[in-house]
Amino acid sequence: MSFYREQVLPRLIDWVCGTGELHRWRAQVTEGLAGRVVEIGFGSGLNAGHYPPEVEMVYAVEPAAVARRLAARRLARYDVRVEHVGLDGHHIPLDDASCDAALSTFTLCTVADPDQALAELRRVVRPGGLLHALEHGLAPDAAVATWQRRLDPLQQRLADGCHLTRDVPSLVAAAGFEVQRVEQRYAQGPKPWSWMSLVVAANPGPPAPPP
């Protein structure tokens, strides 16, 4: 399983998530990004060709060494500054309020604790900064959602923890971000895997300390 996770899966994700339709989604979710951007689940750099020219720096968080090597080859084709800063979206080695925006594509479905990952993004993104997220997740159709719940245990085993049943817009709102925009629809492909959510949300500032 370790060989599959470390060597096979990053290449499979690069292929599956690099289709023309998903690149159109990526172009939409990166619109409006500017300044210093932290991207969790950077993967093989599939978003690199879509960053607007206003993006000054991308701080990449990615655990897979193979994905980082694939990204290095891809980034050579683009004029974008990328610095790999960490391996784990639950603990991002950046200062508080040090980024202007955050980007997550097909990552909140997989991280072990999405609440913790979103809390870290709130910490490192400045007040007023934006989170842009593109994720697949729980469909609104009861029949599709039933199949998603049935398939979820197998999906997690084959895709290194990826869930089919997370409601990403709700997770983002529950983390304290102020949701400004949500676009949802089915992409091409089998419906249990293709309900897409594009979310843009603002960081109102750090959470209030507990009483």
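The values are calculated or read from the model by the stated rules, or taken from the named source; none is laboratory data. For clarity, every value in this text was computed on a predicted model and none was experimentally measured. Please note: Cβ atoms are built from the backbone with ideal geometry, for glycine as well, and neighbour counts cover all protein chains shown. The area values use the complete protein model at the heavy-atom level, side chains included, leaving out ligands, DNA and RNA. Shrake-Rupley method; radii C 1.70, N 1.55, O 1.52, S 1.80 Å.
Observations on the structure shown:
- Measuring max minus min along each principal axis, the C-alpha atoms of the range 19-131 give extents of 31, 28, 24 Å (largest first).
- Fully extending the segment from residue 115 to residue 158 would add 13.2 nm, taking 0.36 nm per residue of separation and subtracting the current Cα-Cα distance.
- Share of carbon and sulfur in the accessible area of the range 80-211 stands at 56%, probe radius 1.4 Å.
- When 136, 91, 84 are compared by accessible area at a 1.4 angstrom probe, the order from most to least is 91, 84, 136.
- Two-decimal Rg to Rh for the chain - Kirkwood Rh, Cα set: 0.94
- Kirkwood radius for the range 92-169, taken over all pairs of different Cα atoms as the inverse mean of 1/r, rounds to 13.7 Å.
- Ranked from largest to smallest solvent-accessible area, with a 1.4 Å probe on the protein heavy atoms, 186, 51, 78 come out as 78, 186, 51.
- Gap separating the Cα centres of the range 119-137 and the range 1-48, nearest whole Å: 16
- Long-range amide H partners of residue 55 with built H, under 5 Å: 35
- Our estimate of slack between residue 194 and residue 65, defined as 0.36 nm per intervening residue step minus the Cα-Cα distance, is 43.7 nm.
- Other residues with beta-carbon under 11 Å from the beta-carbon of residue 88 carry, at +1 per Lys or Arg and -1 per Asp or Glu, a net charge of -3.
- Cα-projected label distance for residue 183 with residue 17, points at 7 Å along beta-carbon direction, nm: 1.9
- Average accessible surface for the chain: 49 Å² per residue, computed with a 1.4 Å probe over protein heavy atoms with every protein chain in place.
- When the charge dipole of the chain is built from unit charges on Cβ atoms (+1 for Lys and Arg, -1 for Asp and Glu) and taken about the Cα centre, the candidate among 35, 20, 60 whose Cα reaches farthest toward its positive end is 20.
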